[in-house]
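Participant: Before I ask anything, let me first share the structure, which is written out below as structure tokens.
The values are calculated or read from the model by the stated rules, or taken from the named source; none is laboratory data. These numbers come from a predicted model, not from an experiment. All Cβ positions, even for glycine, are placed from backbone atoms using ideal geometry, and neighbour counts span all protein chains on display. Heads up: the accessible areas ignore ligands, DNA and RNA and are worked out on the full protein's heavy atoms, side chains in. Shrake-Rupley method; radii C 1.70, N 1.55, O 1.52, S 1.80 Å.
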Amino acid sequence: MPAGDARGDARVNTATGDFTTPTWLEGEDAELHWKRDLAHFPAQLTELDGELLRTLVGGGYAAVMQANDLPFRYVLRRLWTYLYAHDGMARMTDEEREAMRARMGPIRERMRTTVSTRWTREWLPEIREHLEFWEDLDPATLGRSALAAHLDATLERAARLWVVHFELVIAASFAKGALVDLYHELFTPDSPLEAQVLLSGFDVLTTQAARALWPLREVVSEGAVRDAFLRVAPRDALAELRSEPAAHALLEALGAYLEAHGHRCQFLLFSAPSLYEEPASVMSMLRHMVERPDADPSRLLGLQRDKREAAEHAVRERLRFYPAPVRDEFASRLADAQTGVVVGEDHNYLIDYTSTARVRQVLLACGAALATEGA
């Protein structure tokens, strides 16, 4: 049976192994340049993953471009079971291109200068409201009609979250870029990465999750618990601990950790189990912490923070003899860029991985309901 989706997917003839010509979802798809997205999606996708990524992620990007009257495109298609992307600009005349360039400056400035206020007043409250919608209800407890309504609401909220995703990602990117541009203009650094030191060492949600896991290494005490934890591969460690009577305290601590930090996927795939469902990577990280007592994430974060603060002090010293407007502009861009770092990291945790895991639970409940009905 050929693999693929007749609505825009290319197929593989399993008898011959030959790739067939795609039945393009849109007529112009045949004229676009497509590239495998190996960074985000190296593995094969389910048809449902492909459809949701196309509509949610691709749709979110398109909505933000349309709202800002920008001609950039990011189109996603599942072809030959892998994710392909077209990343480019819409066709335009020379006059249209010049008009676009004229618009870009004010758009970039508006986005980067409002990233901090929009994050605290708009984006983060909205993200949390959507997540609370899923946290407050177990979709597996709903009847058929209520579950169908919940699915509709889920897809609507997920679509909105991906609009927010691209709004804040683009704004954060502009903020960081504006700082780096001014840094290079003022100081002519030896390395293109020199300015990045100013954007490191922030306690974002991902580092907070790592720091919350660190105390559990103390629960992996010497003796039977440590032996049970270390004698098998991380993917088998949880089952091994459940068979060890002395591991009760560790299992309880792991359960609390997964309840707090495990409701997120490792990958941007709705078919990917959450950490709560499949905690192998958590066990692997904990094992690394047990075997490497120098890997304390709080200590490592502190080293990065100290390095950043030293770099900030050095920059202030270098700026002492610059005019006040230059110093003020640098301070403004630095604040915006540093907020952009937090926005960029925390949105990954909250939207890309947590909301994906929550949507997955709704999809699983729908699948279970259909299976129960014999569909």
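Participant: Which one of 369, 256, 314 has its Cα pushed farthest toward the positive end of the charge dipole of region 237-375, where Lys and Arg give +1 and Asp and Glu give -1 at the Cβ?
Facilitator: 314
Participant: Can you run the Rg to Rh ratio on the chain? Use alpha carbon positions and the Kirkwood inverse-distance Rh.
Facilitator: Numbers: Rg = 24.2 Å, Rh = 23.9 Å.
With Rg and the Kirkwood Rh in hand, the quotient comes to 1.01.
Participant: With θ set to phi - 60° and the Karplus curve 6.51 cos²θ - 1.76 cosθ + 1.60, what are the ³J(HN,Hα) couplings of region 96-111 in order, to the nearest whole Hz, using x for Gly and Pro?
Facilitator: Along region 96-111, the couplings run 5, 5, 5, 5, 5, 4, 5, 6, 4, x, x, 5, 4, 5, 5, 5 Hz.
Participant: I've got another one for you. If each DSSP helix of 4+ residues adds -39,500 (n - 2.57) and the sum is divided by the residues in the chain, what number results at 222 nm, nearest 500 deg cm²/dmol?
Facilitator: After summing the helix terms and dividing by the residues of the chain, the value is -18500 deg cm²/dmol.
Participant: Counting heavy atoms of the protein chains only and a 1.4 Å probe, report the per residue accessible area for region 300-346 as a whole number of Å². Show your work: numbers first, answer last.
Facilitator: Values: 2710 Å² over 47 residues.
Counting only protein heavy atoms, the per-residue value for region 300-346 is 58 Å².
Participant: I need the calculated FRET efficiency for the pair residue 47 and residue 239, taking r as the beta carbon distance and R₀ as 30 Å, to the nearest 0.05.
Facilitator: 0.40
Participant: Starting from the Cα of residue 375, step 7 Å toward the Cβ, then list every residue of region 143-159 with an amide N under 18 Å from that point.
Facilitator: Backbone N within reach: 143-156.
Participant: Calculate what fraction, in whole %, of the accessible area of the chain sits on carbon and sulfur atoms when a 1.4 Å probe is rolled over the protein chains.
Facilitator: Accessible surface attributable to carbon and sulfur in the chain totals 54 percent.
Participant: Identify, among 275, 286, 302, the residue whose Cα sits farthest towards the positive end of the charge dipole of region 216-375, taking +1 on the Cβ of Lys and Arg and -1 on the Cβ of Asp and Glu, with the dipole about the Cα centre.
Facilitator: Going by the Cα projections, it comes out as 302.
Participant: Taking Cα pairs under 8 Å and at least six residues apart, what relative contact order does the chain come out at, in percent? Each step should come with its number before you reach the end.
Facilitator: Values: 436 pairs, mean separation 76.6, N = 375.
Worked out over the chain, it gives 20 percent.
Participant: Apply the Karplus parameterisation 6.51 cos²θ - 1.76 cosθ + 1.60, with θ equal to phi minus 60°, to every residue of region 355-366 and state each ³J(HN,Hα) to the nearest whole Hz, in sequence, with x for glycine and proline.
Facilitator: For region 355-366, the Karplus curve yields 5, 4, 5, 5, 5, 4, 4, 5, 5, 5, 5, 5 Hz.
Participant: Taking R0 as 22 Å, what FRET efficiency do you get between residue 249 and residue 299 from their Cβ-Cβ distance, rounded to the nearest 0.05? Intermediate results must be reported in sequence, preceding the final value.
Facilitator: Values: r = 25 Å, r/R0 = 1.12.
For R0 = 22 Å, the calculated efficiency reads 0.35.
Participant: Say a paramagnetic label sat at a point 7 Å from the Cα of residue 117, along Cα to Cβ; which residues of region 151-176 have their backbone N under 17 Å from it?
Facilitator: Under cut-off, by backbone N: 168, 171-172, 175.
Participant: Enumerate by residue number the GluC sites (Glu not before Pro) in region 192-269 meeting two conditions: DSSP loop (anything except H, G, I, E, B), and at most 14 other Cβ atoms within 10 Å of the site's Cβ.
Facilitator: In loop regions of region 192-269 (DSSP not H, G, I, E or B), the sparsely surrounded GluC sites (Glu not before Pro) are 222.
Participant: Could you give the length gained on full extension between residue 181 and residue 224, defined as 0.36 nm per residue of separation minus the Cα-Cα distance, in nm?
Facilitator: Separation in residues times 0.36 nm, less the Cα-Cα distance, equals 9.9 nm.
Participant: Grab the other residues whose beta carbon is less than 13 angstrom from that of residue 132, score K and R as +1, D and E as -1, and report the net.
Facilitator: Neighbourhood net charge equals -1.
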